[in-house]
1. Those residues that are outside any helix (DSSP H, G or I) and among the hydroxyl-bearing types (Ser, Thr, Tyr), I need them from region 135-152; list them, please.
2. Taking only pairs six or more apart or across chains, which ones have beta-carbon atoms under 8 Å, a first residue in region 24-40 that is in contact (Cβ under 8 Å) with a residue 12 or more places away in the chain, and a second residue that is assigned to a loop (DSSP other than H, G, I, E, B) and not aromatic (Phe, Trp, Tyr)?
3. Return the residues of region 84-101 that are crowded, with 22+ Cβ neighbours inside 10 Å and farther than 18 Å from residue 17 by Cβ; say none if nothing qualifies.
4. Could you please give the count of residues in region 108-134 that are within 20 Å of residue 63 (Cβ to Cβ), among the small types (Gly, Ala, Ser) and outside any helix (DSSP H, G or I)?
5. If you check 154, 78, 148, which single one turns out to be surrounded by 12 or more Cβ atoms within 10 Å (Cβ to Cβ), over 16 Å from residue 8 (Cα atoms) and at pLDDT below 95?
Amino acid sequence: MLTALVVAVLAYALDQLTKYAVESTMQLGDSVAVIPGVLRWHYILNPGAAFSIGEDHTWVFTVIQAVVAVAALVGIARVRSTPWALALGGLAGGVLGNLTDRLFRPPAFGRGHVVDMISVPHFAIFNVADSFIVCSVIGVALLVMTGRRLDGTREA
């Protein structure tokens, strides 16, 4: 459980710190090459989900993120396996990072826009929380597919 909480706090802190750094050093819409041709910081605000899907339904994503955050935290309380701790900790930290934006950023409580800044060629612009969420969901899928339970045992 401690591992999961450490990962969750680390994911949340990295997400919020990168968002703060981008907001305090860039103007909305600015783009800066980090590794030319490979990685850019491109500051945008995203009212929707991945690829800006559902921009008019931000509150739906807020509800979904709240439910996922609670489920991940409940799972963390039950976890007895390091792989599950890493997956659920990353998921909780990532979801809470984006949920913080939804709850406390303009335009309104529960409908806030998420700060995105990581841009790679021919792909979406995303943030640290998104990275933790995607990697964690892949980890959860692998754990489920290989029959690993939260306590670390395997299904027969």
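The values are calculated or read from the model by the stated rules, or taken from the named source; none is laboratory data. What you see is a predicted model, and the numbers here were worked out from it, not measured in a lab. Cβ atoms come from the backbone with ideal geometry, glycine included; neighbour counts cover every protein chain shown.
1. The one that is outside any helix (DSSP H, G or I) and among the hydroxyl-bearing types (Ser, Thr, Tyr): 146.
2. Pairs that qualify, where the first residue is in contact (Cβ under 8 Å) with a residue 12 or more places away in the chain and the partner is assigned to a loop (DSSP other than H, G, I, E, B) and not aromatic (Phe, Trp, Tyr), are 37/121; 38/120; 38/121; 39/120; 40/120.
3. Listed by number, the residues that qualify are 84, 85, 87, 88, 91.
4. So the answer is 3.
5. None of the others qualify; the one that does is 148.
One line per residue, one yes/no per condition, for (1) part of a helix (DSSP H, G or I); (2) of a type in the set (Gly, Ala, Ser); (3) modelled with pLDDT of 95 or more:
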site: 6; (1), (2), (3): yes, no, yes
site: 27; (1), (2), (3): no, no, yes
site: 37; (1), (2), (3): no, yes, no
site: 40; (1), (2), (3): no, no, yes
site: 56; (1), (2), (3): yes, no, no
site: 62; (1), (2), (3): yes, no, no
site: 93; (1), (2), (3): yes, yes, yes
site: 106; (1), (2), (3): no, no, no
